[in-house]
Amino acid sequence: MTQTRLPAESEKTAHIRIALNGEEVDVSFAPYKTLLEILREDLGHTGTKHGCELGECGACAVILDGEPVLSCLVLALECDGRNVITIEGLASNGELHPIQEAFANLGGSQCGYCTPGMILTAKALLDRTPHPSHDQIREALSGNLCRCTGYLQIFDSVEAAIAQISERKRTGELK
Amino acid sequence: MANNQDLPKRASRSSKAAGEDLRVIGSSRQRVDVRGKVTGQTIYADDISLPRMAYCKILRSPHPHAVIRNIDVSRAQAHPGVYLVLTGKDLPIEYGILPVSQDETALCVDRVRHVGDPVAAVIAREELTAFEALDLIDVEYEILPTISDPEEALATPEPRLHDYGEEGNIHKRVSFEFGDVDKGFAEADEILEDLFFYQGSTHLAMEQHASVAIKDREGKLTLWTSTQVPHYLHRSLAKVLELPAGHIRVIATPNGGGFGGKSDPLNHEIIVCKAALLLGRPVKISLTREEVFYCHRGRHPVLMKFKVGVKKDGTIKALDLQTLIDGGGYGSFGVASTFYTGALQTTAYHVERFKFRACRTFTNKPPCGPKRGHGTPQPRFGQEVQMDKIAERLGIDPAELRLRTAVKPNELTANFLQLGTVGLEQCIRRVVDMSGWKDKFRKLPEGRGVGLACSCYLTGAGLSIYWNKMPHSGIQLKLDRSGGVTLQAGTTEIGQGSDDVLAAIVAEILGLQTVDIRVYSGDTDLGPVDLGSYSSRVTLMAGNAAVQAAERAKAMLAEAVAEKLQVPKERLRFADNAVFDTAAPEKRVTFPEAVCLGESRFGTIGTVGSYWPPKMPAAQYKGGGVGTSPTYTYSAAVAEVEVNPATGWIRVVKIWNTHDLGRALNPTIALGQVEGSIYMGLGEALMEEQEFRRLPKKLSHALVHKFPSILEYKSPTSLDMPEIFTEFVEGPDPRGPFGAKEVGQGPLLPIMPAVANAVYDAVGVRIDEVPITPEKILKALAEKRAGREPRYGPTHFPEISWPEALRVPPPWEGGDGRAINETPKERKPRVEKEAVLKP
């Protein structure tokens, strides 16, 4: 061995256990990494996107213990024992979540890069406020930038999802 | 599969062509690639990870202009975990998107021309290691004076940024005169002279550029990258790496937004290829947001001088336009952009005589290039604001003035552009009705106003970027006995929906659903060449190629099925995943059965389609190719704004717009393109600017980027969006597939001038530049109160030594498209140009 030390990223000295989309996982990683980085690089969940690494764009939004967070601003070490929901965790039994379905149907996703963060931010809103007003939707999504749609079809999608979720809850399809 | 959802209430369609039985085309439906996007399964370039993959980081110049005296990479090379360090001498061959501007190297060899220019690259086991090792590279720079804007470039011929171009730091200068404008001005009743400035802006695609290269198991090169132009990149790689193009595979991953920002071959793409070849292991780079600002290739800042002469009835007798363009440090698409700052000034309103002179200069800033609308939003802004001023001067309603001067279908313009269908009049009439224009214009209370503007855009550039006689688009279809249809295309899905449009065309013709078509796009190994996702060309060009390929497949199946069913093949209909006799629909076979019959009859079924733009014999003069297009789209928009005279704050309340798109192939996607264009236009109108500042003298006086971050580069959020009402004006154009024209760029163009005109209606001040900020409005209001011209905008246009104009008499003066003072065309340079790029 000629190397005097391992490159920093190879020093996986941090270990945490998180519930990722409802499944307990252990992960070892270099301690400086953010939640975004471990999701993408150490846990193979690439659905969560980099857009700026500075908390400016919203592309990396995930749900942490029920709250929408920008995963590029959360140190992975802070997440031990916590619940993380990413875009990969929304569909169940092969069926799209109503928000995903609405985005797919109504033009809520064009290039798709902001979509995971947008959908999770919308989900966090609807989990808390099942029947938000149009202005509450605009407000909740204002930290998620989209360069393709001009946002209106995203609002359409969220509004359609609200109706769909209510309906599915009524019929017992969705808890 | 959700189909036929209604469009939201805010959108409507003027008409649907009657008597047609289309099952897929024209219906709102889920786009074919959307499931991956809403589930996170779509693999963008940055999501690719390969075994043994190494990471690349680039050392970038901290200086806007300097000579590289020496680079010492020894300390970086010795850093643990570093595999390779590359510098300019490893990649010395010049390239560039245009054959006439081969002025970039992947790493600067001896000179840096803007902050962020790449100087060296480190490839290491980990990304962080590569990043750390950048600090260990020692570069000696000799600082050179910097040029911050075009006026400074004109005044500073030395030192030259490049040793090519017109002279000094002038990259490109063009000069045309279509008819004697002086005579036109002499015949005019009113002459208006206006100066406008259009600030530069950047694409800000949400996806930061990323690339992964490998030397594959056959020893060949494969590159996955977020590019809009895999074909042009493929050519550049062959040139710079000196490899046979056939041994290089470029795979354009789905782009997380493009808007023109991924249309150049970019240095990091070449660097990772070189590194992968040298290391024999995969190499990846993911640019940071700051680096994306340095890649740029965004909207050129343009200073414009418009002189127009009009008759009392509004007839435009003459237009004399000069543009001065800030190109940044490299050529990029700049020569084309230069032509585009004038080429489409004749395609919306009938201009009898047109003089156009444009000058692009080099400056020590990241290179400008094509952004949505490529070179045309700037002069469109000037022309549309000036139309508003003309209307006021003549006492004609601005909508009426535009209706009087609107071009006619199939017109040949003063500069010999052949128009196709023109829905401009209908666009204007409809937007006037929808917006209640007649009850609002000059009638709303102080502080509230409406403004109208129109526009015209290409449906695909008529010429390829490099001269050749081959098709602009190709499509390949494979049908097999499973009934599956595979579509292979060189097009790139950048979010605009090109995969869906192509699948829809093939599905419609073969009687299938889009879900039945498997699309492989953006891969130079799998698909035939397509020139790329730029200039709004894909729907029309690749779409027409898809029509041809599908019709050919259909003809083969029809012959085999006709024989089997014993009916004339002309009576067969392909629909609902079956082929049946229209006279006796119970006589039918399923689609998979039809393919089996075809395969039994003809053998393996594969068809191809090609598309060449129509020959454009009209414009014979040199430079006449820029601006040509198979057909053009038209838009009209009305903006309603509120302006607070105390703070200057502007709120856009509503936008009404109409767009003549021929036919909406998927109305949900088309609406997304329109609303996305309007959104981006509002960003440019109100806030977006790629701005630079000088450091203080004692700190080197260098020119640095003001906002290389998303936080500081302001773009509209969900809270900034007004209500938008859209109507598609549909009149199928025979040149487009199922009549379709473009929809991705045109609707952006009228937004900035509509807002400017609305601000004038609201508070009576002219803001003759974008972005229109509260500060500028307050300054203009102060001018108004002081009794001076109620205006904010540029105040002078510098003297430029223009070359003698190419004089081309317009068609109505007997012109034949040739310049009367042009030396005969030399054939030789073209051949050389092509040879340069052919490995």
Across (1) within 14 Å of chain A (Cβ to nearest Cβ); (2) assigned to a loop (DSSP other than H, G, I, E, B); (3) touching a Pro at 6+ places or on another chain (Cβ under 6 Å), B:LEU136 clears everything bar (3)
Across region B:678-700, the tally of residues that are surrounded by 14 or more Cβ atoms within 10 Å (Cβ to Cβ) and part of a loop (DSSP other than H, G, I, E, B) stands at 6
Evaluate region B:172-190: report whether one residue or more is under 14 Å from B:CYS295 (Cβ atoms) and either more than 14 Å from chain A (Cβ to nearest Cβ) or touching a Cys at 6+ places or on another chain (Cβ under 8 Å) (or both).
-> no
Scan region B:696-744 for residues that are within 13 Å of chain A (Cβ to nearest Cβ) and in contact with a helix residue (DSSP H, G or I) (Cβ under 9 Å, 6 or more places away or on another chain) and report the count.
-> 20
Criterion: in contact with a strand residue (DSSP E or B) (Cβ under 8 Å, 6 or more places away or on another chain) and not aromatic (Phe, Trp, Tyr) - qualifying residue of B:LYS615, B:LYS622 = B:LYS622
Restricting attention to region A:102-139, which residues are of a type in the set (Gly, Ala, Ser) and more than 10 Å from chain B (Cβ to nearest Cβ)?
-> A:ALA122, A:ALA124, A:SER133
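Matching residues to (1) surrounded by fewer than 20 Cβ atoms within 10 Å (Cβ to Cβ); (2) over 30 Å from B:VAL641 (Cα atoms); (3) not assigned by TED's automatic domain parsing to the domain that holds B:ILE390:
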{"site": "B:PHE441", "(1), (2), (3)": "no, no, no"}
{"site": "B:LEU444", "(1), (2), (3)": "yes, no, no"}
{"site": "B:ARG448", "(1), (2), (3)": "yes, no, no"}
{"site": "B:CYS456", "(1), (2), (3)": "no, no, no"}
{"site": "B:VAL485", "(1), (2), (3)": "no, yes, yes"}
Only one of A:GLU53, A:GLU41 is in a helix (DSSP H, G or I) and either within 11 Å of the chain's Cα centre (by Cα) or crowded, with 16+ Cβ neighbours inside 10 Å (or both), namely A:GLU41
Residue list for region B:629-641, filter: within 16 Å of B:GLY736 (Cβ to Cβ) and among the β-branched types (Val, Ile, Thr) | B:THR631, B:THR633
Among the residues listed as B:VAL519, B:VAL538, B:VAL506, the single one being at pLDDT 95 or above and surrounded by fewer than 24 Cβ atoms within 10 Å (Cβ to Cβ) = B:VAL519
The lone exception for B:GLY662 - which of (1) more than 15 Å from B:ASP500 (Cα to Cα); (2) in a helix (DSSP H, G or I) it fails = (2)
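Yes/no matrix, rows are residues, columns are (1) of a type outside the set (Phe, Trp, Tyr); (2) under 30 Å from B:GLU190 (Cβ atoms); (3) in contact with an Asp or Glu (Cβ under 8 Å, 6 or more places away or on another chain):
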| residue | (1), (2), (3) |
| --- | --- |
| B:ARG235 | yes, no, no |
| B:ILE248 | yes, no, no |
| B:PRO254 | yes, no, yes |
| B:LYS274 | yes, no, yes |
| B:GLY280 | yes, no, no |
| B:ASP313 | yes, yes, no |
Taking first residues from region B:27-52 that are among the hydroxyl-bearing types (Ser, Thr, Tyr) and second residues anywhere that are surrounded by fewer than 18 Cβ atoms within 10 Å (Cβ to Cβ) and part of a helix (DSSP H, G or I), the pairs with Cβ under 6 Å that are 6 or more apart or on different chains are B:THR42/B:GLY36
With the condition kept exactly as written, say whether any residue in region B:756-769 is polar (S, T, N, Q), in contact (Cβ under 8 Å) with a residue 40 or more places away in the chain and over 17 Å from B:LYS389 (Cα atoms).
-> no
What are the residues in region A:140-173 that are part of a helix (DSSP H, G or I), closer than 23 Å to B:GLU675 by Cα and more than 7 Å from chain B (Cβ to nearest Cβ), if any?
-> A:ALA140, A:ILE154, A:PHE155, A:SER157, A:VAL158, A:GLU159, A:ALA160, A:ALA161, A:ILE162
Among the residues of region A:56-81, how many are under 22 Å from A:GLY22 (Cβ atoms) and in a strand (DSSP E or B)?
-> 8
Look through region A:96-108, keep the residues that are free of Cβ contacts under 8 Å to residues at least 24 places away in the same chain and under 10 Å from B:VAL34 (Cα atoms), and return whichever of them is surrounded by the most Cβ atoms within 10 Å (Cβ to Cβ).
-> A:GLN100
Given (1) within 8 Å of chain B (Cβ to nearest Cβ); (2) touching a residue at least 24 places away in the same chain (Cβ under 8 Å), A:CYS79 misses just (1)
Are any residues in region A:48-70 on the phi < 0 side of the Ramachandran plot and away from chain B (no Cβ under 13 Å), and if so, which ones?
-> A:ILE63, A:LEU64, A:GLU67, A:PRO68, A:VAL69
In the list B:THR39, B:THR87, which residue meets the criterion of being surrounded by 18 or more Cβ atoms within 10 Å (Cβ to Cβ) and facing chain A (nearest Cβ under 9 Å)?
-> B:THR39
Positions within region B:620-678 being among the hydroxyl-bearing types (Ser, Thr, Tyr), away from chain A (no Cβ under 13 Å) and over 22 Å from B:GLU425 (Cβ atoms), in sequence order | B:TYR621, B:THR628, B:THR647
Test: residue in region B:102-122 that is within 14 Å of chain A (Cβ to nearest Cβ), assigned to a strand (DSSP E or B) and closer than 19 Å to B:LEU287 by Cα | yes
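Condition check ((1) over 27 Å from B:HIS171 (Cα atoms); (2) charged (D, E, K, R); (3) out of contact with any Ser or Thr (no Cβ under 9 Å at 6 or more places or on another chain)) across all residues:
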| residue | (1), (2), (3) |
| --- | --- |
| B:GLU269 | no, yes, no |
| B:LEU279 | yes, no, yes |
| B:ARG289 | yes, yes, no |
| B:GLY298 | no, no, no |
| B:ILE325 | no, no, no |
Inspect region A:82-91 for any residue being basic (Lys, Arg), out of contact with any strand residue (DSSP E or B) (no Cβ under 9 Å at 6 or more places or on another chain) and either in a loop (DSSP other than H, G, I, E, B) or more than 9 Å from every other protein chain (Cβ to nearest Cβ) (or both) and give the result as yes or no.
-> no
If A:ASN93 satisfies every condition in (1) of a type in the set (S, T, N, Q); (2) touching a residue at least 24 places away in the same chain (Cβ under 8 Å); (3) over 27 Å from A:CYS146 (Cα atoms) but one, which is the exception?
-> (2)
In region A:32-46, which residues are within 11 Å of chain B (Cβ to nearest Cβ), touching a helix residue (DSSP H, G or I) at 6+ places or on another chain (Cβ under 8 Å) and either touching a residue at least 60 places away in the same chain (Cβ under 8 Å) or of a type outside the set (D, E, K, R) (or both)?
-> A:TYR32, A:LEU39, A:HIS45, A:THR46
Looking at (1) surrounded by fewer than 17 Cβ atoms within 10 Å (Cβ to Cβ); (2) at pLDDT 95 or above; (3) of a type outside the set (Phe, Trp, Tyr), can you tell me which one B:ARG827 breaks?
-> (2)
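The values are calculated or read from the model by the stated rules, or taken from the named source; none is laboratory data. Just so it is clear, the model here is predicted, and its values are computed rather than measured. Counting neighbours? That spans all protein chains shown, and the Cβs are built from the backbone with ideal geometry, glycine included.
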